[in-house]
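Input: a single structure, listed below in structure tokens.
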């Protein structure tokens, strides 16, 4: 979590942005609303919302950015709004297309979140190479943020150098989750890829498939199954998604059915 000093620096930067008379490059966005939403996210990162847009991956990244580095979040927002792009942690230039800049109408989500998340989503195929060795089911799901893109954002936006994606769709769920718990306790972040329909909404599809990225908050409890004793095991943890904190508490086998992999960054 950001320190109180870091939060105050971010709020001061927002105040400077508010006083700036530099014109916007986004005709469809309202500066006053952008400023208000930025402040609300600095005070409470859980306000970050993908709305009804398919931005779960970048939303999870942005959530952790505000928690870890709120000043950089403000710099990204201001630069996007005023000059139409920003530099990543490795100095890559990330910018929306002219078509995205000119978008108007109903965004189906808060404007500040739209500005950043749509830019990240649009940039995916431009700044990160496709991972050809990823499982076929991952590579073939159109529209979903891919693991290599989450890895790239964890490096380019969050600034972590040691970032790996751990497949767990066949085995290794418990070990991957334990590794993530250790990383979070040491100050890192983790982003599980799950079947949201079964894990979060209790409306599982007939055949589970990877559909949703979340941020793993911690509070992880792993009770491994012991079938010789009739113990089916249980896994529970706290997640961020859909602008709120959610508690997952499932029988181990059920959790494993809906847990496809996890990006761990430290």
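The values are calculated or read from the model by the stated rules, or taken from the named source; none is laboratory data. Keep in mind it's a predicted model, so treat the numbers as computed, not measured. Here the Cβ positions follow ideal geometry from the backbone for every residue, glycine too, while neighbour counts run over all protein chains shown.
Filtering region 53-104 to residues that are assigned to a helix (DSSP H, G or I) and surrounded by fewer than 17 Cβ atoms within 10 Å (Cβ to Cβ) leaves 75, 79, 82, 83, 98, 99.
So that you can scan it fast, the table gives a plain yes or no per residue for (1) surrounded by fewer than 20 Cβ atoms within 10 Å (Cβ to Cβ); (2) outside the structural domain of residue 54 (by the TED database); (3) out of contact with any helix residue (DSSP H, G or I) (no Cβ under 7 Å at 6 or more places or on another chain); (4) under 21 Å from residue 152 (Cα atoms):
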| residue | (1), (2), (3), (4) |
| --- | --- |
| 182 | yes, yes, yes, no |
| 225 | yes, yes, no, no |
| 228 | yes, yes, yes, no |
| 233 | yes, yes, no, no |
| 246 | yes, yes, yes, no |
| 249 | yes, yes, yes, no |
| 260 | no, yes, yes, yes |
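Just one residue in the set 211, 175, 161 is surrounded by 15 or more Cβ atoms within 10 Å (Cβ to Cβ) and either within 15 Å of residue 237 (Cβ to Cβ) or touching a helix residue (DSSP H, G or I) at 6+ places or on another chain (Cβ under 9 Å) (or both); that residue is 211.
The residues listed here are 24, 12, 97, 40; of these, the one that is under 25 Å from residue 191 (Cα atoms) and either modelled with pLDDT under 95 or not assigned by the TED database to the domain that holds residue 165 (or both) is 40. Of the residues screened, residue 253 is not one that is in contact (Cβ under 8 Å) with a residue 12 or more places away in the chain, touching a helix residue (DSSP H, G or I) at 6+ places or on another chain (Cβ under 8 Å) and more than 24 Å from residue 163 (Cα to Cα).
Of the residues making up region 193-200, none is surrounded by fewer than 18 Cβ atoms within 10 Å (Cβ to Cβ) and in contact with a helix residue (DSSP H, G or I) (Cβ under 6 Å, 6 or more places away or on another chain).
Does at least one position in region 123-143 carry a residue that is modelled with pLDDT of 85 or more and assigned by the TED database to the domain that holds residue 24?
Looking only at region 123-143, we keep the residues that are modelled with pLDDT of 85 or more, and these are 123.
With the extra rule that they be assigned by the TED database to the domain that holds residue 24, the set shrinks to 123.
Yes, region 123-143 has at least one match.
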